[in-house]
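Below is one structure, written out as structure tokens; comments come after it.
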Amino acid sequence: MVEAVANTGLTIGSHLVTERFGYTHHGVYAGGGRVVHYAGLSRSLQRGPVQEVSLAEFALGRAVWVRQSPGAKFDGTEAVRRAYSRLGEDRYRLISNNCEHFCMWCLYGESRSDQIDGWSRGQLMCSTPG
């Protein structure tokens, strides 16, 4: 389940989601208006590393949601610590190491992407998180 940020308090370690053209972009809320994310292809056709950015820079003027993470193995400051441990990593791969894989690793200890799984099964993912 995904909830609009406007309707929920942002807590450290929240899994954030925002729309991009044809996909959703993911990051981990680090507190103080900062987000750690795998920049990947979120801003251009050039891949980018894991970086810390402002919430506004992460959103790029689009709505941001909190993706609920029931059963997360790591949460709060531990999820953020894991995110920071990968700052500067520059091994983005759309299919196997993207922004959603990164967030799932931070929270669950498993690198996975529901978007990629859906695409590989031939399912179209809707552009609105949900």
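A short reminder: the numbers here are calculations on the coordinates, not readings from a lab. Everything numeric in this text was worked out from a predicted model, so none of it was measured. Because the Cβ atoms are built from the backbone with ideal geometry, glycine has one as well, and the counts that use them run over all protein chains shown.
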request  = May I ask for the net charge around L87, where only other residues with Cβ less than 14 Å from the Cβ of L87 are counted and Lys, Arg are +1 while Asp, Glu are -1?
outcome  = +2
remark   = Loop-resident chymotrypsin sites (Phe, Trp or Tyr not before Pro) in the range 19-105 with no more than 12 other Cβ atoms inside 10 Å, DSSP not H/G/I/E/B, are F21
